[in-house]
Amino acid sequence: MEFLRPASWEEALAAKAEHPAAVPIAGGTDVMVEINFDRRRPDHLLDLTRIAELYEWQTGDQTVRLGASVPYTRIIERLAAELPGLAIAAHTVGSPQIRNRGSVGGNLGAASPAGDAHPALLAAGAEVEVASVRGSRRIPVEEFYTGVKRNALADDELIRAIHIRKAAGPQQFSKVGTRNAMVIAVCAFAIALHPDTRTVRTGIGSAAPTPVRARAAEDFLNAALAEGGFWDGGRTITPSIARRFAELCAAACDPIDDVRGSAAYRRHAVSIMARRTLGWTWEAFRAGGDTTGDTTEGGARCA
């Protein structure tokens, strides 16, 4: 196994072009596990840790450009106001050591349906900036996941940054696991209110071959909120609306039975998380409070 250590982004792209099968590594929280358990033995590892720009972020008027290697800890500490849903999700990732090394770019590169960042990205609205020696492009996050642990990257492309819409309203993330920490999600759910466009977006993790949005649920809820004048009137969402939203979120799932949970349990858990997170975020919106509506440290909610 050869270890490639580019000192610049241009060198990294050149190395990836020369060795398309090279596996990028930055935090190493996924890649090193696979190598240590002999599940993967690439001919080349492409070390990206010397490329400073991947650890930087810029906050614009409408979006945050998050470098691919910005660790979860920085998101929690520095970007919780702009990206509250992602910050809540970041709190649930592994241990402090993993949060200090792992990144959203790594989560996207692995493309596991159980990745904790994915539901929050789907709910907030994001684009993945990728590049090669041929040029760069931005991929809507919904189109980035192409299958179980597969993504839309070409063989010579690397993830450079993620462009995420800044929160205009409350956001939440909820995750079910077999214990309270250091656990792969049995299933996860994220929701973001976008009062500027009067829409609600969702994200579901570990309940389908890829992370998905519950589009039928979003369409139903957006229509119900508009027709009922909820955005202007500050009314409480009725139980019937919340219940139907939860049912449609469960219907968006395509889960499997495995050692962590049954397909039926995953659908049920997603429906519960959908109903609860809708309640938390909508009450925060009505109260005009913070973007999470949370009163517990870190904001992480356990369903």
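The table below lists the values:
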{"quantity": "Meets criteria (part of a loop (DSSP other than H, G, I, E, B) and not aliphatic (A, V, I, L, M)) for residue 236", "calculated": "yes"}
{"quantity": "Hits in segment 161-211 - residues which are part of a loop (DSSP other than H, G, I, E, B), within 13 Å of the chain's Cα centre (by Cα) and either at negative phi or basic (Lys, Arg) (or both)", "calculated": "185, 210, 211"}
{"quantity": "Residue count, segment 106-121 (criterion: open to solvent by 10 Å² or more (accessible area, probe 1.4 Å) and in a helix (DSSP H, G or I))", "calculated": "4"}
{"quantity": "Members of segment 79-95 found to be out of contact with any helix residue (DSSP H, G or I) (no Cβ under 6 Å at 6 or more places or on another chain), closer than 9 Å to residue 167 by Cβ and surrounded by 21 or more Cβ atoms within 10 Å (Cβ to Cβ), listed by number", "calculated": "82, 83, 84"}
{"quantity": "Selection count where residues are more than 20 Å from the chain's Cα centre (by Cα) and surrounded by 16 or more Cβ atoms within 10 Å (Cβ to Cβ), scope segment 247-264", "calculated": "4"}
{"quantity": "Considering residues of segment 265-279 that are of a type in the set (A, V, I, L, M, F, W, C) and buried (at least 21 other Cβ atoms within 10 Å of the Cβ) only, the residue farthest from residue 177 (Cα to Cα)", "calculated": "278"}
{"quantity": "Matching entry among 80, 22 (being small (Gly, Ala, Ser) and in contact with a His (Cβ under 8 Å, 6 or more places away or on another chain))", "calculated": "22"}
{"quantity": "Subset tally (residues that are more than 16 Å from residue 125 (Cα to Cα) and either part of a helix (DSSP H, G or I) or open to solvent by 20 Å² or more (accessible area, probe 1.4 Å) (or both)) for segment 58-70", "calculated": "1"}
{"quantity": "Residue within segment 50-57 that is modelled with pLDDT of 95 or more, of a type outside the set (A, V, I, L, M, F, W, C), under 27 Å from residue 194 (Cβ atoms) and not in a loop (DSSP other than H, G, I, E, B) present", "calculated": "no"}
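The values are calculated or read from the model by the stated rules, or taken from the named source; none is laboratory data. What you see is a predicted model, and the numbers here were worked out from it, not measured in a lab. Backbone-built Cβ (ideal geometry, glycine too); neighbour counts: all protein chains shown. Remember, those area values only see protein heavy atoms, side chains included, never the ligands or the DNA or RNA. Shrake-Rupley method; radii C 1.70, N 1.55, O 1.52, S 1.80 Å.
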